[in-house]
1. Counting alpha carbon pairs within less than 8 Å and at least 6 residues apart, what relative contact order, in whole percent, applies to the range B:3-289?
2. Under the rule of -39500 (n - 2.57) per DSSP H run of 4 or more residues, summed and divided by the residues of chain A, what mean residue ellipticity at 222 nm is obtained, to the nearest 500 deg cm²/dmol?
3. With r defined as the distance between the Cβ atoms of A:Asp266 and A:Ala369 and R0 fixed at 25 Å, what FRET efficiency is calculated, to the nearest 0.05?
4. Where does helix B:163-179 land angle-wise versus the long Cα axis of chain B, in degrees 0 to 90, nearest 10?
5. With unit charges on the beta carbon (Lys/Arg positive, Asp/Glu negative), name the residue among B:Ala196, B:Ala37, B:Tyr272 whose Cα is farthest towards the positive pole of the charge dipole of the range B:3-289.
6. With a cut-off of at most 13 other beta carbons within 10 Å, and DSSP calling the residue loop, which trypsin sites (Lys or Arg not before Pro) in the range A:305-349 qualify? Please list them.
7. Could you list the residues of the range A:80-115 with an amide nitrogen less than 17 Å from a label point located 7 Å from the Cα of A:Leu14 in the Cα-to-C-beta direction?
8. Return the distance in nm (one decimal) between the two label points of a simple spin-label model at A:His54 and B:Lys472, each offset 7 Å from Cα along Cα→Cβ.
Amino acid sequence: MMIHTLAEYQKQLLAKKISSLELTQFFLDKMAQHNALNSFITVCAETAKAQAIHADELRAQGKAGPLTGLPFAHKDIFCTRGIKTTCGSKMLDNFIAPYSATVTEKLDDAGMVLLGKTNMDEFAMGSSNENSFYGVVHNPWDTRCVPGGSSGGSAAAVASRIVPAASGTDTGGSIRQPAAFCGITGLKPTYGRISRYGMIAFASSLDQAGPMTQTAEDAALLLNAMAGFDVRDSTSLNVPVPDYTATLNDSLQGLRIGIVPSFFGDGLNSEIGAAIDNAKSVLEKLGAQCVEIELPHHELAIPTYYVVASAECSSNLARYDGVRYGYRAAQPVDLMDLYKRSRSEAFGQEVKRRIMMGTYVLSSGYYDAYYLKAQKARRLISEDFKAAFKNVDVILSPTTPDVAFKIAEKTHDPVKMYLSDIYTIAVNLAGLPAINIPCGFSGQLPIGMQLIGNHLTEARLLNIAHQFQQHSDHHQKVPMMESSS
Amino acid sequence: MKWEVVIGLEVHAQLATQSKIFSGAATAYGALPNTQACAIDLGMPGVLPVLNEEALHMALKFGLAVNAHLSHESVFARKNYFYPDLPKGYQISQYEIPVVGRGHLDITLDDGTVKRIGITRAHLEEDAGKSLHEDFQGMTGIDLNRAGTPLLEIVSEPDMRSSNEAVAYLKTLHTLVRYLGICDGNMQEGSFRCDANVSVRLKGAEKLGTRCELKNINSFRFVERAINYEVERQIDVLENGGTIAQETRLYDADANTTRTMRSKEEANDYRYFPDPDLLPVCVNEELIARIKTTLPELPQEKRDRFMQHYGLNAYDANVLSSARELAQYFEAVVDVGVDPKLSANWVMGELLAALNKENLAIDESPIPPAALGQLLQRITDNTISGKIAKTVFAHMWLNEGSADEIIEKQGLKQVTDTGAIEKIIDEIIANNPQQLADYKGGKEKLFAFFVGQAMKATQGKANPQQLNDLLKEKLQKA
């Protein structure tokens with residue numbers, strides 16, 4: 001069997017069977033070979049090689065840590081000092097941050113090698129990666145399909161094994177949905193588990209970074225390095241970080257899994273339902289028992305989300321005004337013209353739509369009816385989960401109502417697009433951790449399932465996912481791809 | 001006059017923290033443009049604000065000093081609007097739940113009566129940068145050094161009824177924030193800025209008139225003038241059958257007028273909502289108790305103590321308690337063992353005059369309080385007269401030595417030897433027979449002539465009291 005995972009490369013590096021530089025060159029070649037997927041906005045070939053050489057030196061000096069020399073990719077939402085950070089937008093096409101995100105620093109300090117910055121929906125708004133200024137990303141399982149979004153570039157790159165692992169961010173499903181569409185493991189941790197500093201904001205109360213990997217074990221390895229309190233992010237949680245790899249092999253005996261029957265109704269692709277049924281029986285054989293639960297306010301999740309997320313984004317994106325950095329319209333005649341044209345010319349349609357929605361719901365006279373009401377609904381959604389976790393340890397659900405759809409299929413219908421996040425959005429509103437795990441195929445397209453946990457139960461989610469992956473092989477399937485050169 | 005004036009003030013006090021309210025950049029005034037603005041102040045992508053605890057503590061200090069309700073949980077909100085010197089496109093401020101709730105401040109009016117002015121609230125917020133319209137050939141320059149500087153916005157109730165009251169409130173507040181050490185009070189540099197809400201109504205009317213907000217009134221004098229102008233303008237409009245439009249008006253100090261800046265209709269919809277990047281600010285009893293221990297003696301307490309303990313009159317006590325450093329200086333002089341009234345006279349008289357002349361602050365005085373104390377002791381123990389003391393003071397000001405050194409070196413010691421003074425008096429009487437005859441004849445004013453002659457002869461060093469007594473005695477006998 002070919003080696004692919006971070007954990008396996010880690011062993012190879014440790015045994016000195018391969019150098020970080022060789023590994024890095026191997027992936028840089030693969031990235032070039034498959035650039036038709038369009039999963040990268042920026043490739044960092046030179047800096048990556050320099051990092052790899054440095055990592056090899058550290059290893060030779062006996063100073064290597066667990067992740068030293070392992071290559072990976074960042075979603076282009078994480079600021080990387082000296083390397084362009086675009087957030088998928090024309091607005092930041094020329095933006096080179098003079099600082100790094102905390103996550104960037106942490107993985108850098110851990111000795112990881114940054115191969116490049118992955119494509120994404122503009123400002124992380126989208127479910128198909130079709131909203132990127134840098135073009136659509138193709139799903140490696142069927143290049144006519146979308147990879148999901150907004151972390152579509154990371155998902156496609158990991159699925160096609162042109163990088164071993166990548167970072168993503170998840171505001172309403174942006175890690176889990178593309179992970180499901182591309183057949184990889186994607187963890188959205190508890191809100192505040194990973195610092196948001198230097199991660200370009202979409203909706204601050206919902207945004208959360210996380211690992212996108214081939215296996216739960218790799219996700220645990222990455223989360224170990226990514227998680228932790230950060231004085232620069234007031235909303236990060238000041239709670240110790242456990243070793244997520246230490247509990248991967250814990251028993252699932254007695255695990256109580258909640259199932260929401262209404263999630264498996266008409267709106268769901270029946271093959272996804274069947275795949276999850278199979279997964280259930282795997283988990284039951286490992287000692288888990290399934291319990292039916294209800295989340296009575298779940299239907300409020302999508303409207304609530306689009307009020308909260310849009311409101312926050314309308315304010316978060318106000319800083320892109322053409323004054324200090326980023327895109328500036330040519331020859332503005334006055335201040336208003338500078339603002340209007342810079343923003344009109346550099347923001348894409350979906351971003352504009354959400355800024356307008358957000359501005360509207362925050363306007364005086366509408367604030368109570370929308371924003372305040374959405375905050376109330378958000379509390380109800382959280383309380384549903386709280387009640388559910390009194391009876392179950394985790395909740396098992398589909399990640400998406402359907403498998404990856406065709407490029408351009410839904411671009412004309414934003415509401416239909418929004419509905420593809422129906423299973424993932426409530427999790428962000430409640431700030432909970434959740435993981436997508438590959439659990440089957442519909443034709444050649446992957447199916448994902450989602451495990452949702454209570455606050456700060458990442459270790460348990462990774463444990464369950466790992467145990468499932470020890471008893472299934474969906475995550476090991478690799479798409480057949482033609483190289484593009 | 002049938003009109004009643006109603007004034008409420010909004011004061012922005014820049015908090016004297018070392019770093020900005022949400023970033024680690026320095027707050028010092030006067031640096032080169034954009035050298036004190038970090039990625040957070042510039043509103044770069046992905047950066048996040050973190051509350052400077054010192055700013056919170058200063059706000060709480062103020063709250064305690066005005067007996068305000070302190071919120072156990074206050075919330076930072078975003079005030080959204082576009083402006084080139086507002087880097088994020090929103091200002092972080094407190095909106096629905098400010099850190100300092102209702103309180104009050106007592107002011108003393110000119111006639112000595114005390115009036116209580118309600119404080120509606122005080123909240124923390126960040127300052128914006130500055131737009132520079134000169135020197136850029138039709139373009140605008142942006143300096144973001146000030147962006148993110150912590151401000152405490154102190155909002156009063158509409159409790160003031162004249163520009164005098166408004167100025168008295170402002171001065172009292174100005175003294176207070178400097179006492180607390182939370183604001184340097186420098187109005188020229190914009191550390192203490194004031195907007196006034198002014199309206200008029202018929203006396204006895206319950207409903208408030210439509211108000212106008214006056215901006216750009218950044219000195220006590222301008223506050224008074226702008227309000228007076230605005231009150232006249234409003235009364236004029238109303239008496240001519242017009243109505244007042246709610247608007248923001250700009251004070252033009254050169255023309256001494258106010259003019260429309262923006263009407264209510266033009267006002268922004270700020271789309272306030274809680275800032276999701278900042279958690280609610282939690283203040284517990286323990287913190288409040290800790291801040292309480294850091295409160296200095298407040299101006300009014302100090303003034304009362306000066307009156308009771310030192311027997312000063314209200315005026316002196318007021319002046320000496322108007323600034324913490326001045327009060328400290330005064331008390332340090334008294335501590336040397338000098339009579340409080342004498343100390344007060346000298347600090348408020350000679351010392352303040354000399355400081356003002358050279359535009360120095362009290363803590364920049366070339367004469368430290370102990371040195372002045374020594375000088376005043378020499379008056380008390382009759383080594384020198386008050387008049388000679390002024391000469392010694394002038395030498396001390398020029399750093400020529402201590403009072404004793406100067407007195408010694410320049411031979412300024414008072415002549416207290418009765419024999420010596422008597423000898424001089426005898427000579428003067430002998431040399432001025434005409435004056436003596438006139439004096440004896442009833443021209444008692446000539447007594448001063450003899451004193452002057454004696455002082456001249458002793459170069460001012462004769463002990464005045466002793467001289468007076470001996471002279472009287474000799475003249476009578478002569």
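1. Numbers: 644 pairs, mean separation 71.3, N = 287.
Normalised by residue count, the contact order of the range B:3-289 is 25 percent.
2. -11000 deg cm²/dmol
3. Here the calculated transfer efficiency is 0.25.
4. Compared with the principal axis, the helix lies near 80 degrees.
5. B:Ala196
6. Answer by residue number: there is no such site.
7. What the label zone holds, given the 17 Å backbone N cut-off, is A:111-112.
8. 9.3 nm
Where a number appears in this text, it was derived from the coordinates with a stated rule and is not lab data. Owing to the predicted nature of the structure, the values given are computational and were not obtained by experimental measurement. Using ideal geometry, Cβ is built from the backbone for each residue, glycine included, and neighbour counts are taken over all protein chains shown.
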